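What follows is one structure encoded as structure tokens, with my remarks underneath.
No lab work stands behind these numbers, since they all come straight from the coordinates. Please read these numbers as outputs of a predicted model, since none were measured by experiment. As a convention, Cβ positions derive from the backbone with ideal geometry for all residues, glycine included, and neighbour counts pool all protein chains shown.
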Amino acid sequence: MATLAPIKTPTRARDERTTFIQLLRRFHFHAGILVGPFLLVTAITGFLYALAPAAEQVIHADQIHASSTAQTVALDRQVATAQEQHPALQVSGVIVGKPGDTTRVMFDDATLKSSSYRRAVFVDPGTGAVRGDTVLYGSGQSFPERAWLSELHRRLLLGDVGRIYSELAASWLAPITLVGLILWWRGRRNRSQTAGGKTLSAGGRTLRSHRRIGVVIALGLFFLSATGLTWSQYAGQNVTNLRNALDWKTPVVKTDLPGSPVAPAGGEHADHAGGGTTAAEPVVPVDGSALLRAASTAKQQLRAPYEITPMAAGKAWKVRETRHSWTMGPNAVAVDPASGSVTSRSDFADWPVAAKLTDWGIRLHMGLVFGLANQIGLAALALALGITIVQGYRMWWPRRPTRATGWQSGRAPKAGAFLRLARSRPVPVALGSLAVLAWCWLAPLFATSLAGFLIVDAALRSAKKETGEGSCCS
């Protein structure tokens with residue numbers, strides 16, 4: 001005769017739910033308190049960065065926009081005019097704008113802090129006059145103000161050391177949000193049963209607002225966490241390794257021409273005309289005829305703005321649409337400079353799904369998909385995140401550690417709660433543990449900071465047993 005499984009009593013089930021909720025509240029509360037400063041700085045700098053693209057359209061309007069939509073000056077002549085401004089620098093690209101925009105002639109400059117920065121000369125295609133000369137950053141063509149905000153947002157202007165702050169914030173944002181959602185969902189029934197006509201205290205109103213805002217912006221917070229980690233130092237490398245292992249690389253056009261010898265491998269700009277010159281190397285003039293042929297082909301194949309990249313002898317020239325609003329993604333072609341024929345192409349529609357998602361995620365995070373609407377949405381999301389963090393600290397303040405209260409800050413589950421849950425609910429606990437381990441692998445800073453938190457908590461619990469005082473995590 002089969003043995004029947006023991007029936008779970010209501011009291012036992014209630015104790016398990018209570019223990020589970022206590023564990024989640026403990027995590028959400030203390031993780032929010034400890035990581036809150038990093039998230040708050042990220043929210044403030046992210047809010048400013050989200051508004052930067054719209055601001056630079058106003059601040060640098062004279063450089064960005066031409067005097068008219070006319071394009072009467074040949075492109076090679078525009079480039080020659082720009083080269084007169086910096087005869088010692090090598091042209092690395094020519095960005096042809098939409099009608100009414102200036103042409104940007106890009107130069108490699110060894111005096112700048114990294115290859116992500118390039119000098120740009122803005123030429124009016126209608127008059128041939130130079131309308132500006134500045135340094136731009138990255139694929140988004142950020143002007144100095146937005147580039148400064150980008151460095152502040154990603155690194156706190158501290159270089160690679162500063163990247164730890166933003167990666168720590170991005171690593172914890174998704175787990176804190178997920179636990180908050182679970183707590184909100186599990187508490188809905190209790191709130192509906194006790195809500196009838198009850199007047200909430202100031203703390204209760206703050207908690208209700210904290211929950212509501214958190215639920216509304218949860219999906220956006222998951223997005224910010226995922227896309228932010230792709231730029232991070234340690235988790236970003238794990239993402240790159242995973243994409244390479246699964247062959248989810250972003251396709252690129254091939255620049256080898258039939259019958260041409262294979263050039264030795266070089267640096268990032270090794271194929272540029274002149275091989276990525278420095279101040280000590282000779283400047284290679286741009287072939288004007290090849291430039292015009294590449295521009296003519298690009299006009300037929302691509303959508304402006306696009307960047308024409310002159311390549312070394314025996315290589316096809318790369319032409320790629322720049323990251324701009326209201327497009328699915330950047331298409332690219334390789335053009336034979338001698339004939340103007342297309343030798344290779346990369347259409348965004350043919351990219352692997354993972355590569356498309358990566359491009360969309362990056363451009364959405366930068367506010368470059370839906371123009372001003374995208375930027376306003378990001379700013380609103382950052383503002384809402386900042387409000388929830390401030391509300392969290394406001395709720396914590398009455399329970400903060402003081403001489404009178406010790407380190408008491410909320411009820412903790414009894415010792416051994418996790419082991420009891422694992423024995424009674426082995427499958428959910430195992431699945432949850434695997435999810436945490438997977439996240440720890442993806443986000444190493446989350447793993448190390450979580451380990452540190454648990455070690456400190458264990459030490460304080462031990463001290464509590466010896467002295468009879470509460471711990472910071474009780």
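Quick notes
- Principal axes of the range 280-371: Cα extent on each, largest first, Å: 38, 33, 22
- Where a label projected 7 Å from the Cα of Ala218 along Cα→Cβ would reach, residues of the range 164-179 with amide N under 11 Å: 177-179
- Spatial offset of the range 284-356 relative to the range 75-115 amounts to 17 Å, using the alpha carbon center of each.
- Proximal charge balance of Ala443 [Cβ under 15 Å; K/R count +1, D/E count -1]: 0
- Part-to-part distance (alpha-carbon centres) for the range 151-176 and the range 19-69, which is given in Å: 11
- Electrostatic tally near Tyr393: other residues with Cβ closer than 15 Å to its Cβ, Lys and Arg +1, Asp and Glu -1, net +3.
- Relative intensity, log₁₀ I(q)/I(0), of the range 212-261 from a Debye sum that treats every alpha carbon as a point, q = 0.18, 0.19, 0.26 Å⁻¹: -0.75, -0.78, -0.95
- Between the beta carbons of Thr230 and Thr134, assuming R0 = 30 Å, the FRET efficiency works out to 0.60 to the nearest 0.05.
- Peptides ranked, highest mean first, by Cβ atoms within 10 Å: ranges 248-257, 146-155: 146-155, 248-257
- Here the spin labels are modelled as points 7 Å beyond Cα on the Cα-Cβ line, and at Ala463 and Glu281 they lie 5.8 nm apart.
- Comparing Met366, Gly386, Asn331 along the charge dipole axis of the range 314-406, the residue lying farthest to the positive side is Gly386, per the Cβ-charge model.
- Stretching the chain fully between Leu246 and Lys98 yields a gain of 49.6 nm (0.36 nm per residue, less the alpha carbon separation).
- For the range 212-243, the residues whose amide N sits under 20 Å from a probe point set 7 Å from the Cα of Ala54 along the beta carbon direction are 217, 220-221, 224.
- Packing rank of 127-137, 109-119, where each peptide gets the mean count of other beta carbons within 10 Å, highest leading: 127-137, 109-119
- Applying 0.36 nm per residue to the separation of Ala380 and Trp397 and subtracting their alpha-carbon distance, the gain on full extension is 3.5 nm.
- Cβ-based net charge around Phe348, under 10 Å, with every Lys or Arg adding one and every Asp or Glu removing one: -3
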